[in-house]
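Written out below as structure tokens is the structure these notes cover.
The values are calculated or read from the model by the stated rules, or taken from the named source; none is laboratory data. Since we're looking at a predicted model, the values are computed, not measured. A quick note on method: Cβ atoms are made from the backbone with ideal geometry, for glycine too, and the neighbour counts reach across all protein chains shown. These accessible areas exclude ligands, DNA and RNA; they are computed on the full protein's heavy atoms, side chains included. Shrake-Rupley method; radii C 1.70, N 1.55, O 1.52, S 1.80 Å.
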Amino acid sequence: MKVILLAFANSYQNPLPNLTAEANELNDILSERYIAGDYIVHLEAFATPERTAGLLRRYERDLIIFHFSGHAGSNQLQMNEQFLYAPGMAAQLKVCAENELKLVVLNGCATYAQTKLLLDAGVPAVIATSAPVEDVSARNFSVSFWEQLVKNDETIEDACKEALRAAAPLTQQVLPGEQGFRHLVTDYSEPAHNPDAPLWRLDALNDDAVSINPIPVKPAYAIYPKPNNELIKTLFESFQAAGNPRIIDYFEREQNNIPVQDNDKQIAIVNSIPFPIGIHLQKLICPITETEGSGYDVMGFKRLKQIAQLFQTTTEFLGIIMIAQIWELYIKFDQDFVLSDELKTALRTYLNPDKIDRETYNYIPLIQTIREYLRNVDLPNARIRQFIDEQDILKDLFEFDQDFKNACDYLYHLRVRTAKKVVNEDRMAAFCNEAERQLCVFVKPLGFIHRYHLTSVQQIDILKLRHINRDKAEYVHRIVRCMQAIGKDEWNYYYINSFLDNWGVILLKCDVTTIDAARKKYKVTVKDYLNLTPFVIDRNSFIERTDLPYIMFYKGEVNEDIYFKRVKDPTNAKESFVIPNIESEEDRFNSIRMQFVAFKKFIA
């Protein structure tokens, strides 16, 4: 089995607190997969030159990574008031490099001068320091680097970049940015004390050496639970706890020993939540049989990518709801409503496709920023109401629920990895199992979403007959409920005492009673509504006589042309739709353009 050797040059008499903490944290990071049998971890908390040299000999055929932390210099590693000299260590690591060794980390002071010896010995990649490093920043770099390698499956290069960011706040030295990051071109004539040199450097024999994740993986002989079992169970319990009527009915039947088919549960779940979320959940738990729609319910990259897509679309939808609330407050309070500079910057970043990759954009910080702003905003003579009653739940989740925060972080990194298609095929079953587990943590507290009805308003008529008083008039809304991932959405007629917004995709909080089911007529008492336009549109609502919604999310703006992506297939460029800047005689989308321009002025 492959070996990861960690040597910490601490002292029994005067241990360095941060070195001790670093050893403990790295042990925690590595322990789970060690127990799973991916590798052996050998950690020497009080390493000595003799002991370290002996371990390099013992593991010369199986050593995959050698990590050193402690006092060091340009030609030696200091261990317990003794020295392990660079030439001798390089000679031992040469044998290791001829076998399995992929990486050496020298997390001590000014170890960069040892890099040439190690690369000449055939070590594929070396991380070393160009100057003395502070104890706290060294610990932060080390912990972040190993978290990226082990937990997020990052490459050596990407893990090092993230570790540099983590260490930056804890050192006065300037760390390299994206443009200044170097790993291939090594100038050995460069003085180690050069203040412009990176504090931590990654040097390698070639590009391939740092474009891998070196953490060993045990062959997938494990028997994992059947895909979707835990996910469906979690969703069923979450929706039942949140008061979903159909799920409660099924729950009570089972309590009375009346069997309920799994297929009925699955359809009930995906058809009671807003379409953008439901359609991606449906692909996971109710896959269709056609070739295009199969493969999501078996361990493989397709399933893994769909789990990440479900997370991305859910957080994007929640983010749009938060943005729409900001927009609604501005419309109601106009000059009294002023955004903070922080929030303006966040919203401008969201709108600008040049600054973000829309498909890997992290909506969690935006959601948190807006939620906190809405919570604290103060307007004269106005009580600010949050549209989503459960928004305080989001605050509690992000601030106090570490499992939920970890799940969001895991799923976001999964989204980035699957978008780049950088996933270890040998671990696909393990990844799919872990991804479903983390998805369960993420969706469990979100069962309340079934209470909010996504609708597309296509037409509004006034029902005011001669014998009806003006204040008793009703507004008949021809709408399509966008809450059905399986089956066909159809027109419904909602009789409401007030009117909603034309040609809008509306999120409704309402009570519905039936007037005439055969004619699809319903009396609706609206508690509140939120217009998601222009961030969400139904393209088909601008086309006459269609009962099929075509829900699209805002994608970006290029040369004042506004682009949207189809929610059902968001990464397919062929499904994109553009509203051009120039109006035409046949233009049906001017209302969208006007709203978008107004919002841009609001956040300028």
Of (1) outside any helix (DSSP H, G or I); (2) modelled with pLDDT under 85; (3) open to solvent by less than 30 Å² (accessible area, probe 1.4 Å), Leu454 fails just (2)
Over the range 354-368, the set of residues of a type in the set (Val, Ile, Thr), modelled with pLDDT of 80 or more and more than 14 Å from Ile320 (Cβ to Cβ) is Thr360
| When you look at Asn14, is it at pLDDT below 85 and in contact with a Gly (Cβ under 7 Å, 6 or more places away or on another chain), yes or no? | no
Of the candidates Ile307, Ile288, Ile326, Ile279, the one satisfying the condition of being open to solvent by less than 60 Å² (accessible area, probe 1.4 Å), of a type in the set (Val, Ile, Thr), at pLDDT below 90 and assigned by the TED database to the domain that holds Tyr361 is Ile326
Residue pairs qualifying under the 7 Å Cβ cut-off, at least six apart or on distinct chains, with the first in the range 330-354 being assigned to a loop (DSSP other than H, G, I, E, B) and of a type in the set (A, V, I, L, M, F, W, C) and the second being modelled with pLDDT of 75 or more and open to solvent by 50 Å² or more (accessible area, probe 1.4 Å), are Phe337/Tyr330
If we ask which residues in the range 557-577 are within 17 Å of Asp357 (Cα to Cα), of a type outside the set (S, T, N, Q) and in a loop (DSSP other than H, G, I, E, B), their number turns out to be 3
Requested in this report: Taking Ala36 as the residue in question, decide whether it is modelled with pLDDT under 90, in the same structural domain as Ser144 (by the TED database) and closer than 20 Å to Glu147 by Cβ.
Outcome: yes
Exercise for the section: Answer with yes or no whether Glu237 is open to solvent by 80 Å² or more (accessible area, probe 1.4 Å) and part of a helix (DSSP H, G or I). Expected result: yes
Picking from Glu252, Glu230, the residue that is of a type in the set (Asp, Glu), within 24 Å of the chain's Cα centre (by Cα) and modelled with pLDDT of 90 or more would be Glu230
Subset of the range 530-541, residues of a type in the set (Ser, Thr, Tyr) and either at pLDDT below 85 or over 34 Å from the mean Cα position of the chain (by Cα) (or both), comes to Ser541
Across the range 500-539, the tally of residues that are among the β-branched types (Val, Ile, Thr), open to solvent by less than 60 Å² (accessible area, probe 1.4 Å) and assigned to a strand (DSSP E or B) stands at 6
In a loop (DSSP other than H, G, I, E, B), modelled with pLDDT of 80 or more, open to solvent by less than 60 Å² (accessible area, probe 1.4 Å) and more than 28 Å from Phe589 (Cα to Cα): is that true of Ile468 in this structure? no
Selection over the range 112-140 where residues are open to solvent by less than 20 Å² (accessible area, probe 1.4 Å) and farther than 20 Å from Ala209 by Cα yields a count of 4
